[in-house]
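Take a look at the structure below.
The values are calculated or read from the model by the stated rules, or taken from the named source; none is laboratory data. Note that the coordinates shown come from a computational prediction; the quantities given were computed from them, not determined experimentally. Here the Cβ is made from the backbone with ideal geometry for all residues, glycine too, and neighbour counts use every protein chain on show.
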Amino acid sequence: MRFHALDAWRGVAALLVLFFHLSANGAFHAFPPVRHGGLSVPFFFVLSGFVITHAYGARLAGGGEVRRFVVRRIGRLYPLHIVTLGVLVALELVKWALVRVGLPSGEPPFHGANGIGSLIANVFLLQAIIPLPDYSWNGPSWSISVEFYTCLLFGAVAVTFRGRTLVPAMLLVAMAGAALVALELYHPDWHETQFKGLASCICGFFAGHVVYRIFQRLRGGRLPYATAIEVAAVVLIAGLYWFAPLEGVASILVFALVVLVFAFDGGAVSRVLAGQPWALLGKISYSMYLLHFVLLSVLGGVVRAAQGVLHVPLYRNVGGGMLMDFGPPGTMDLLAFAYAGAVIGLAMLSYRWIELPGQRLFERFARPTPITATRPVEAPVA
């Protein structure tokens with residue numbers, strides 16, 4: 001069973017994240033849903049909890065699928081992660097070569113957050129577990145770090161409680177939510193790599209698990225007034241991204257409600273989201289999420305190097321943040337859309353040539369006997 005509307009929302013959320021991270025001083029950058037695009041990450045956590053429970057919950061409860069589950073999660077997350085990390089290491093080597101020949105590199109190579117220690121942590125997806133004091137290498141991959149280890153926690157809970165996971169999941173939501181609130185209150189300056197991300201992921205993931213259990217009980221019937229309820233959910237999402245009145249635990253609860261509504265695929269909004277463009281965005285969302293920061297690193301490095309060569313400021317301080325500013329707002333907006341198009345194009349290639357082959361490779365290790373290579377089961381992920 002596929003959740004077509006949820007797949008589409010995952011793609012839309014990934015699109016907002018890639019615009020959110022582009023520091024270009026145009027009108028589009030100030031658009032509220034773009035400015036608050038970071039809210040998408042808790043949505044990914046909730047959605048992952050829901051979909052992974054659907055895909056593996058019952059099988060893990062039987063106790064015989066643990067190895068297969070872990071290997072498949074590695075196959076889903078790791079190949080693209082290690083490829084993007086390798087590209088970023090290559091970029092640091094380019095900087096090193098430029099420095100060696102006396103050319104400006106923009107920033108020192110292997111410096112600051114992108115040091116050797118953080119590289120080792122990233123290789124093992126530990127960059128938001130250890131924790132590190134700042135985002136490093138492929139910055140958004142902190143969420144992949146916490147999701148992978150939260151998946152292992154989910155597997156342990158599913159095997160231990162053998163299908164009776166609702167109460168443990170609710171306790172984990174409460175404890176992780178309380179930890180997240182405490183961290184926001186007492187350490188508001190900490191990054192997601194400093195326990196906040198892990199608390200957010202555990203809270204969101206197991207909230208998604210609870211939502212799936214509710215969905216299971218309601219699945220026998222149709223969602224009444226489905227179109228009206230879906231439209232109300234869209235208004236709720238739009239308000240959340242436009243005004244950002246809620247963050248942390250509160251936003252997780254909103255996303256949990258939205259996931260429940262669209263899991264039924266019952267209304268007119270769901271039928272629209274089942275269209276091919278939205279389905280494509282959902283399919284390539286993981287590649288979009290990990291690749292966009294690599295492209296931004298290349299773009300930022302080129303602009304900083306050009307700034308050093310031309311001795312002309314190409315960045316401008318806007319509201320306390322440094323934004324690329326080398327043309328009128330319309331030009332910077334065109335840059336934003338060209339960047340999005342490039343990310344989507346690269347993501348399509350990445351999905352075809354990295355994600356799917358990686359999943360097939362790990363599927364060989366997941367199954368006890370050799371099988372003919374088949375198209376792997378796709379599961380939404382952050």
Subset of segment 188-217 (residues that are farther than 20 Å from residue 136 by Cα and free of Cβ contacts under 8 Å to residues at least 24 places away in the same chain): 216, 217
Can you name the residue in segment 23-38 that is out of contact with any strand residue (DSSP E or B) (no Cβ under 7 Å at 6 or more places or on another chain) and outside any helix (DSSP H, G or I) and, of all such residues, is nearest to residue 323 (Cα to Cα)? 26
I'm trying to understand the selection: among the residues of segment 137-162, which are under 21 Å from residue 16 (Cβ atoms) and not hydroxyl-bearing (Ser, Thr, Tyr)? 138, 139, 140, 142, 144, 146, 147
Would it be correct to say that residue 54 is over 18 Å from the mean Cα position of the chain (by Cα), modelled with pLDDT of 90 or more and over 30 Å from residue 242 (Cα atoms)? yes
Within the bounds of segment 274-284, is there any residue that is outside any helix (DSSP H, G or I) and crowded, with 20+ Cβ neighbours inside 10 Å? yes
Hey, can you tell me all the residues within segment 196-222 that are of a type in the set (A, V, I, L, M, F, W, C) and surrounded by 20 or more Cβ atoms within 10 Å (Cβ to Cβ)? 198, 199, 201, 202, 203, 205, 206, 207, 210, 211
Look at segment 124-174 and say how many of its residues are small (Gly, Ala, Ser), over 13 Å from residue 192 (Cβ atoms) and either surrounded by 24 or more Cβ atoms within 10 Å (Cβ to Cβ) or in contact with a helix residue (DSSP H, G or I) (Cβ under 8 Å, 6 or more places away or on another chain) (or both). 4
Is it the case that segment 240-257 has a residue that's part of a helix (DSSP H, G or I) and free of Cβ contacts under 8 Å to residues at least 12 places away in the same chain? yes
Of the residues that make up segment 348-362, is at least one out of contact with any Pro (no Cβ under 7 Å at 6 or more places or on another chain), surrounded by 12 or more Cβ atoms within 10 Å (Cβ to Cβ), modelled with pLDDT of 90 or more and closer than 17 Å to residue 8 by Cα? yes
From the list 73, 10, 59, exactly one residue is out of contact with any Pro (no Cβ under 7 Å at 6 or more places or on another chain) and either touching a residue at least 24 places away in the same chain (Cβ under 8 Å) or of a type in the set (Ser, Thr, Tyr) (or both). Which is it? 73
Quick check on this structure: which one of 304, 316 is touching a Gly at 6+ places or on another chain (Cβ under 6 Å), over 20 Å from residue 281 (Cα atoms) and in contact (Cβ under 8 Å) with a residue 12 or more places away in the chain? 304
Would you pick out the residues in segment 12-22 that are in a helix (DSSP H, G or I) and surrounded by fewer than 23 Cβ atoms within 10 Å (Cβ to Cβ)? 12, 15, 16, 19, 20
